[in-house]
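Novice: Following this message is one structure expressed as structure tokens.
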Amino acid sequence: MSALLATGDRSRDQELRVCALTAAEHRAHVATHADASFLQYPSWAGVKDQWSSETVGWLGDHGELAGSALILYRQFPGTRKYFAYLPEGPVADWADPGIDRWLRPLMTHLRGAGAFAVRIGPSPAYRRWDTARLKAATGPRRTVGDVLAREVDPLGAAVADRLRARGWRRCGGDGDDADAQPRYVFQVPLAGRTPDDLWAGLNQEWRRNVRRAGKAGVRIVTGSAAELPEFHRLLRITEERDGFRLGRSLAYYQRQYAVLNAEQPGRMKLCLAVHGGEILAAHTMISTGRRVWYQTGASADHRREVRPSNALQWQMLLDAQAQGAQVYDMRGVSSTLDPDDRPFGLLRWKFGTGGQVVETLGEWETSVGGAANKTLYRAFQAYMAHR
């Protein structure tokens, strides 16, 4: 079924109109779509407290709800204009060849809200690669894009062509570091698989490490908000060790934990690997029913020989499968296949689960129209490039 909540014999030529949705209406719509991101749930607006927001829907002539979106607004410095952002959204019928019948009213609505430009994140995938093919292709200066994909999604390719034809620009071109959300993600398919199937999908190193953790007495437990400071301390250690910087404060994670779980208890979990009474690894997990995301991971520098992170991820995989999720999304990876590149280490670690690298369509931007808005959008692009 397409991403739209279709009713009756609604014509695909019918013009849609944008209307305001309550949080409850928006949440109910998004929850019916297996491919909807947690970033499109109304609770995410509470996480992004420096942005203003609204939830909207697309209605047909007979009042049927045909799509929804969380729209975040950020004011451009020195103006009364806003940059509009639909993270991994909208939840719309991307298979609809008449894409203008819902994009056009969206642009009209955004202009009325004072936006000068908009960024969206279409949900269809673009390309997929199996782990074995990518592992065999590793080498100096090699990237995922150099390898023939196992699958090219025709819908994703069609959506990209349709957006380009309408003047939308893919953020960062073919690079993988210009999007706010990761363009390349690592996913483990869960639909129709048993725990034994998942175990068989792990490589030999992962199975050995999970067994080692069990023999060493590593326990996997669910934490609470009280353990978030320890998670954040371990995250700072991990950032320093692995050479990256998320730049998120403890308050950010505390707010995220409170807001997401207020919307639905258990939406966000803090999963802990404990050994000898000490938390050695802490990972955050977000669930929306049929999809589960491993969002952020952190681990200590010591006692790494007991393999707490492998044990923790294995239990999270099992938990996702047990709750009926179709996909376990391990979120972003770099596109590098060069073993000498530091980011490759994370991809290599995720390879061990036997999943797939998925290239999303990435994020797309355009001005909302009008000479003044186009001029401001060019200024915005220059501002972002030199920030």
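Novice: Consider only pairs whose beta carbons are under 6 Å apart and that are at least six residues apart or on different chains; among these, list those whose first residue lies in segment 285-314 and is in contact (Cβ under 8 Å) with a residue 24 or more places away in the chain and crowded, with 20+ Cβ neighbours inside 10 Å and whose second residue is of a type in the set (Lys, Arg) and part of a helix (DSSP H, G or I).
Specialist: Matching pairs, first to second residue: Arg307/Arg212.
Novice: Further, regarding this structure: Across segment 121-131, which residue is most open to solvent (accessible area, probe 1.4 Å) among those that are in a loop (DSSP other than H, G, I, E, B) and out of contact with any helix residue (DSSP H, G or I) (no Cβ under 6 Å at 6 or more places or on another chain)? Break it down stepwise before answering.
Specialist: Restricting attention to segment 121-131, the residues satisfying the condition of being in a loop (DSSP other than H, G, I, E, B) are 121-124.
Then drop every residue that is not out of contact with any helix residue (DSSP H, G or I) (no Cβ under 6 Å at 6 or more places or on another chain), which leaves 121, 123.
Working: Gly121: 6, Ser123: 49 Å².
Checked segment 121-131; the qualifying residue most open to solvent (accessible area, probe 1.4 Å) is Ser123.
Novice: Are any residues in segment 31-69 among the aliphatic types (A, V, I, L, M), closer than 30 Å to Gln254 by Cβ and modelled with pLDDT under 95, and if so, which ones? Lay out the reasoning, then the answer.
Specialist: Filtering segment 31-69 for residues among the aliphatic types (A, V, I, L, M) gives 31, 34, 36, 39, 45, 47, 56, 59, 65-66, 69.
Keeping just the survivors that are closer than 30 Å to Gln254 by Cβ gives 31, 34, 36, 39, 45, 47, 56, 69.
Selection gives Ala31, Ala34, Ala36.
Novice: Residues that are part of a helix (DSSP H, G or I), modelled with pLDDT of 95 or more and of a type in the set (Lys, Arg): does segment 148-167 have at least one?
Specialist: Looking through segment 148-167, at least one residue is part of a helix (DSSP H, G or I), modelled with pLDDT of 95 or more and of a type in the set (Lys, Arg).
Novice: Among the candidates Leu155, Leu134, which residue alone is out of contact with any helix residue (DSSP H, G or I) (no Cβ under 7 Å at 6 or more places or on another chain) and either open to solvent by less than 50 Å² (accessible area, probe 1.4 Å) or of a type in the set (A, V, I, L, M) (or both)?
Specialist: Values: Leu134 fails: out of contact with any helix residue (DSSP H, G or I) (no Cβ under 7 Å at 6 or more places or on another chain).
Selected residue: Leu155, the only one of Leu155, Leu134 that is out of contact with any helix residue (DSSP H, G or I) (no Cβ under 7 Å at 6 or more places or on another chain) and either open to solvent by less than 50 Å² (accessible area, probe 1.4 Å) or of a type in the set (A, V, I, L, M) (or both).
Novice: Moving on. Any chance you could count how many residues in segment 137-151 are in contact with a Phe, Trp or Tyr (Cβ under 7 Å, 6 or more places away or on another chain) and open to solvent by less than 80 Å² (accessible area, probe 1.4 Å)?
Specialist: Filtering segment 137-151 down to residues in contact with a Phe, Trp or Tyr (Cβ under 7 Å, 6 or more places away or on another chain) leaves 144, 147, 149-150.
So of that shortlist, the ones also open to solvent by less than 80 Å² (accessible area, probe 1.4 Å) come out as 144, 147, 149.
Count: 3.
Novice: Another question, if that's okay. Considering only residues that are touching a helix residue (DSSP H, G or I) at 6+ places or on another chain (Cβ under 6 Å) and of a type in the set (Val, Ile, Thr), which ones fall in segment 273-313?
Specialist: Ile279, Ile286, Thr288, Val292, Val306 - these are the residues of segment 273-313 that are touching a helix residue (DSSP H, G or I) at 6+ places or on another chain (Cβ under 6 Å) and of a type in the set (Val, Ile, Thr).
Novice: Still on this structure, please answer the following. Take segment 1-30 and flag every residue that is at pLDDT 65 or above and surrounded by fewer than 13 Cβ atoms within 10 Å (Cβ to Cβ). Outline the logic, then answer.
Specialist: Start the filter on segment 1-30 by keeping residues that are at pLDDT 65 or above, which leaves 14-30.
Across segment 1-30, the qualifying residues are Ala20, Thr22, Ala24.
Novice: May I pose another question? What is the residue count in segment 85-115 for residues that are under 18 Å from Val18 (Cβ atoms) and over 18 Å from the mean Cα position of the chain (by Cα)?
Specialist: Count: 20.
Novice: Also, quick follow-up: Go through segment 47-65 and count every residue that is in contact (Cβ under 8 Å) with a residue 60 or more places away in the chain and surrounded by 17 or more Cβ atoms within 10 Å (Cβ to Cβ). Reasoning before the result, please.
Specialist: We begin by selecting, within segment 47-65, every residue in contact (Cβ under 8 Å) with a residue 60 or more places away in the chain; these are 47, 49, 65.
Now narrow it down to the ones that are surrounded by 17 or more Cβ atoms within 10 Å (Cβ to Cβ): 47, 65.
Of the residues in segment 47-65, 2 are in contact (Cβ under 8 Å) with a residue 60 or more places away in the chain and surrounded by 17 or more Cβ atoms within 10 Å (Cβ to Cβ).
Novice: Just wondering, is there one or more residues in segment 220-230 that are surrounded by 13 or more Cβ atoms within 10 Å (Cβ to Cβ) and touching a Ser or Thr at 6+ places or on another chain (Cβ under 7 Å)?
Specialist: no
The values are calculated or read from the model by the stated rules, or taken from the named source; none is laboratory data. In this text, all values refer to a predicted model and were calculated from it rather than measured experimentally. A quick note on method: Cβ atoms are made from the backbone with ideal geometry, for glycine too, and the neighbour counts reach across all protein chains shown. For accessibility, only protein heavy atoms count, side chains too; no ligands or nucleic acids. Shrake-Rupley method; radii C 1.70, N 1.55, O 1.52, S 1.80 Å.
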